[in-house]
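To start, the structure itself, in structure tokens.
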Amino acid sequence: MEYIKYSKNAYIKHGLKKDKTAIIGYPSLRKDSGQKVLYLGENAVILSNAIIYEGSRIGDNLIMGHNAIIREENTIGNKFKLCNNSIIDYGCKIGNGVKIHSNVYVAQYTTIEDNVFIGPGTTITNDMHPGCKFSKKCMRGPVIKSNVNIGANVVINPFIVIGKNALIGSGSVVTKDIPANSVAFGNPATVKKKVSDIRCIKGITDFPYRK
């Protein structure tokens, strides 16, 4: 399916369902912003007061909740779900099948790979030295590898790598790399066990918990 012109700075595919208060192709105020055209895939659903800036490329089957925002210069895969009041800042790379719950902030230059879940209230940061006049030159968000699950109200520091299939407990502050297949929690978050060690407390299912 080819893109069709939606506005002077936005191209979309068919199947868009958009509330009348949502905005597609909002102009960036950054003077150094590069790409100015938004490409949005098919069957997007965009609820009230959500905003997608110009200059990103977003795959098929996007779902955006109320008041959610996607800034410019992002590359986002298929089946991305961004819940109410969450923000994707500019310059991020997000894979397929990612779900970000409500009231989440994803800082600039963050990488999120496929099938990641991020719980409500999580904050992802990118500035090692806030207030430094040179901080923009070394800004970088974390890298969250595929199939990671992150609980509610987690803080993830810049430059961190969270390995594949890891599970981060609610309320954690992640200050260093987390190995693949690990369960980590606390402030600072430390590895407590392997994901394969987890058992369902109600005996409903065996782990690993992902299908």
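Answer yes if at least one residue in the stretch 157-178 is under 12 Å from the mean Cα position of the chain (by Cα) and either at pLDDT 95 or above or farther than 21 Å from Ile52 by Cα (or both), and no otherwise.
No, because not a single residue in the stretch 157-178 is under 12 Å from the mean Cα position of the chain (by Cα) and either at pLDDT 95 or above or farther than 21 Å from Ile52 by Cα (or both).
Tell me yes or no: at least one residue of the stretch 172-194 is more than 25 Å from Tyr109 (Cβ to Cβ) and part of a loop (DSSP other than H, G, I, E, B). The answer is yes; a qualifying residue exists. Assess whether Lys5 counts as being under 21 Å from Thr122 (Cα atoms) and basic (Lys, Arg). No: the conditions fail for Lys5.
Beta carbons closer than 7 Å, at least 6 apart along the sequence or on distinct chains, pair a first residue in the stretch 110-135 that is over 19 Å from Lys176 (Cα atoms) with a second that is in a strand (DSSP E or B) and polar (S, T, N, Q) for Phe117/Asn149. Farther than 27 Å from Thr122 by Cβ and either at pLDDT 95 or above or of a type outside the set (Phe, Trp, Tyr) (or both) - does that describe any residue in the stretch 60-72? No, the stretch 60-72 has no match at all. Within the stretch 81-101, identify whether any single residue is under 18 Å from Thr123 (Cα atoms) and in contact with a Cys (Cβ under 6 Å, 6 or more places away or on another chain), and answer yes or no. The answer is yes, given that some residue of the stretch 81-101 is under 18 Å from Thr123 (Cα atoms) and in contact with a Cys (Cβ under 6 Å, 6 or more places away or on another chain). Scanning the stretch 74-87 for residues that are within 20 Å of Lys13 (Cβ to Cβ) and either assigned to a loop (DSSP other than H, G, I, E, B) or at pLDDT below 95 (or both) yields a total of 5.
The values are calculated or read from the model by the stated rules, or taken from the named source; none is laboratory data. This is a predicted model, so every value here is computed, not measured. Reconstructed Cβ throughout: ideal geometry from the backbone, glycine too, with neighbour counts over all protein chains shown.
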